[in-house]
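The values are calculated or read from the model by the stated rules, or taken from the named source; none is laboratory data. Just so it is clear, the structure is predicted and the values come from calculations on it, not from any experiment. Here Cβ is always computed from backbone atoms with ideal geometry, including for glycine, and neighbour counts include all displayed protein chains. Just the protein is used for accessible areas: all its heavy atoms, side chains included, with ligands, DNA and RNA removed. Shrake-Rupley method; radii C 1.70, N 1.55, O 1.52, S 1.80 Å.
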Amino acid sequence: MDTTVKKDSPFIEITGELCKGCKLCIDVCPKGVIAISDQLNSSSYHPAYYVGADCTGCTLCFYACPEPAAIKVFKP
Amino acid sequence: MKTTTKATAFYNVFERKGGPHKETTHYCPGCGHGNVHKMIAEAMDDLGINDKTVFVSPVGCSVFGYYYFDCGNFQAAHGRAPAVATGIKRANPDSVVISYQGDGDLAAIGTAETLHAANRGENITVFFVNNAIYGMTGGQMAPTTLIEQKTATTPRGRVESEHGNPIKMAEIISTLPAATYVERVAIGNSKHIMKARKAIRKALKNQVENRGYSFVEILSVCPTGWKMDSPDARDWLTDQMIEAFPLGVYKDESSEREDGWYRDVKPFVPAELNKYFGVNAEADVAPVDLKKDLFCKFAGFGGQGILTMGLFLAQIGMRADHNVSWIPAYGPEMRGGTANCSVNVSNKRIGTPLVERPNVMVAMNLPSLEMFEKDVVDGGVILVDSGIVDKTPDTDRLDVVMIPATEIADEVGTPKVANVVMLGAMIAATDAYSLDFVSETLKVVVKKKNLIDMNLAALQRGYDFVKNGS
Ligand SMILES: Cc1ncc(C[n+]2csc(CCOP(=O)(O)OP(=O)(O)O)c2C)c(N)n1
Ligand code: SF4
Ligand code: SF4
Ligand code: SF4
């Protein structure tokens, strides 16, 4: 999978420190471009991260995520 | 570039939350409250109402709504959010008031408030987060718990014959004529969420446009209470909960109420209030000085006119443009039991209407004296009907007036004006107001005009007793 983020196509940003690892974003992403990290964040959760490319900017992950600031979706 | 990110209706940093993690919520991973908060915040942003919204948080896991929403906030006692919201909205009709509640809060302890606010068609927005369980207290059965659902208090599952059926609040509220808009949505999957966003926005927009009471029930999840991981909880919601609580619009009269709140509410105007309270606002009342604040406890038997006496004093203070409060306390019986009232008359604004440490006390019977004497502050004035009470209060500590008020009243014409004799004595003993001013006020506030003369005579006799000893 191409993991380079092209800034002229949609992408998301997940702030790992603000994630609780609930996996709801992963569940709803139609493109399967979010995964769970092996690392722990400072609250002891395995945070989600954007694996790169193919995001359509559909925002479904943003609304599925219960946290106000964990996910940002950018759509050029 | 279009960015979808945290709404500005949220605080940037959740300072009130404290602790090290001030940008995340206090909710468990995967909890539905976070999703609902986000949808509300987004709608607030879209409608441009952040500066006039008041968010009323319930008791339940969402008790800390004020950590997150950058607007007016209030946290109500368990179940009382719609009553509190009613007060806020009526006092501030231009505000947008949100009553945010869980199912334990809204459909158990707060059922009465819920139904009556809806039945009055308050122009508020209720967001009902139904997660079929008491989350905060550790997963007990809620009124909305499904049949066969296991909870801490239904370990073998909810049974109809033992626990009743899940209560369908959206259906019930939709039967009330005053409700404008009632919809049930969910957050089990993305489709649900997109519909829920619309319903939430509409419910707030209705209020902005004065269309009346809107109620959105949001089927939510409590992964912790349900003992499920987050995706499974969403699936259980989708597969099980929706069957018991069908989604959809149960009532929508939003467009028919476009002329504003269907009920024409006429606010009281000062002239009307003055008339109601017997205040003659036209009379040219010269500014009256109140030398010291009065914190009064008047107590006696029901029927001795104790409560009326307090009311008279409050009306005197009101006519002098002082701040006043009057609050009665009496037993279930209207006559014969004990009764008392607390009256504050103050140059300053009054906080509580209760008087716990009076500086003026009137005792018209022995039980009252025995009950309240100890509460009177040192140096306080205590007036006792010496014809009825054969006990003298502590004269070292208190300024004591023993006056046979009922006997004097009888001489004036009827024992019923004993309270006014006491009032005259109290006015003399405290020098709070001039006798003239009090007489003038009595002329206005005594309802039966043929009794005014007798009241004035009683007042004079009480006053003279203290000033001249007769
Ligand atoms: C007067 C009163 N009674 C009981 C409680 C205990 N109590 C706290 S939260 C709660 C139930 C909350 O359940 P729900 O409204 O469903 O909210 P959730 O926590 O699931 O979001 C109860 C009974 C209380 N705080 N105050
Ligand atoms: S915006 Fe849509 S496609 Fe992009 S990561 Fe989120 S859910 Fe996946
Ligand atoms: S939905 Fe939000 S909190 Fe849950 S894993 Fe994804 S980013 Fe983290
Ligand atoms: S106990 Fe349930 S309702 Fe409360 S925060 Fe946790 S998941 Fe949410």
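The figures follow:
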item	result
Nearest-20 debye value, segment B:312-433 charge dipole, Cβ charges on Lys, Arg, Asp, Glu	540
Peptides ranked, highest mean first, by Cβ atoms within 10 Å: ranges B:374-385, A:57-68	A:57-68, B:374-385
Environment charge of B:Ser342, counting only residues whose C-beta is closer than 12 Å and scoring Lys/Arg +1, Asp/Glu -1	0
Sum of side-chain charges, B:Lys150 neighbourhood, beta-carbon under 12 Å (Lys, Arg +1; Asp, Glu -1)	+2
Normalised per residue, the volume of the convex hull around the Cα set of segment A:11-65 (Å³)	64
Chain A: Cys lacking any partner C-beta under 4.7 angstrom	A:Cys19, A:Cys22, A:Cys29, A:Cys55, A:Cys58, A:Cys65
Computed over chain B, Kirkwood Rh from alpha-carbon pairs, angstrom	26.0
Placed amide H near B:Gln75: partners under 5 Å, 5+ positions off or other chain	B:Ser57
Highest-first arrangement of B:150-162, B:393-405, B:177-189, A:38-50, where packing means the average Cβ count within 10 Å	B:177-189, B:393-405, A:38-50, B:150-162
The protein assembly as shown - percent of accessible surface contributed by carbon and sulfur, probe 1.4 Å	53
Segment B:33-256 - percent relative contact order, Cα under 8 Å, separation 6 or more	19
Estimated inter-spin distance, B:Glu253 and B:Gln460, nm [label 7 Å along Cα→Cβ]	6.1
Segment B:273-468: relative contact order in percent, alpha carbon pairs under 8 Å with at least 6 residues between	19
Helix axis angle, B:418-430 relative to chain B longest principal axis, alpha carbon, degrees	90
FRET E, pair B:Asn468, B:Glu407, Förster distance 22 Å, beta-carbon r, rounded to 0.05	0.80
Share antiparallel - DSSP beta bridges, chain B, percent rounded to 5	40
Separation of alpha-carbon centers, segment B:338-400 and segment B:413-454, rounded to whole Å	19
Number of partner chain Cβ atoms within 10 Å, mean per residue of A:17-26	5
Stokes-Einstein translational diffusion, segment B:34-85 - Kirkwood Rh over all Cα pairs, 0.692 mPa s, 37 °C, in µm²/s	290
Percent of Cα-Cα distances greater than 31 Å, calculated over the protein assembly as shown	59
Nearest-0.05 FRET efficiency for B:His163 and B:Thr352, computed from C-beta distance (R0 51 Å)	0.80
Two-site FRET efficiency, B:Asp293 against B:Thr8, from Cβ-Cβ distance with R₀ of 45 Å, rounded to 0.05	0.50
Antiparallel %, DSSP beta bridges [both residues in the protein assembly as shown], to 5	45
Rg [Å, one decimal], Dmax [Å, integer] - segment B:273-468, C-alpha atoms	15.4, 45
Sites matching trypsin sites (Lys or Arg not before Pro) across segment B:399-462 that sit in DSSP coil, with at most 15 neighbouring C-beta atoms within 10 Å	B:Lys447, B:Lys448
Crossing angle, helix B:452-468 versus chain B [Cα axis fit, 0-90 degrees, rounded to tens]	70
Percent RCO, i.e. relative contact order, over chain B, from Cα pairs under 8 Å lying at least 6 residues apart	9
Antiparallel content of DSSP bridges confined to segment B:273-468, in %, to 5	55
Shielding by other protein chains, B:224-235, mean Cβ within 10 Å	2
Within-9-Å neighbourhood charge of A:Lys72 [Cβ basis; K, R +1; D, E -1]	0
Fraction of the pair-distance distribution of segment B:46-145 above 16 Å, Cα-Cα pairs, percent	52
Computed label-point distance, nm, for sites B:Arg156 and B:Met1 using a 7 Å Cα→Cβ extension	6.1
Estimated 222 nm signal from helices in chain B, with DSSP H stretches of n ≥ 4 weighted -39500 (n - 2.57), rounded to 500	-9500 deg cm²/dmol
Solvent-accessible area per residue for segment B:273-468 (1.4 angstrom probe, square angstrom)	49
Solution diffusion estimate, µm²/s, Stokes-Einstein, segment B:33-256, Kirkwood Rh from C-alpha pairs, 10 °C, viscosity 1.306 mPa s	93
Peptide B:18-24 - average C-beta neighbours from other chains (10 Å radius)	4
Euclidean distance between Cα centres, segment B:190-257 to segment B:54-109, Å	18
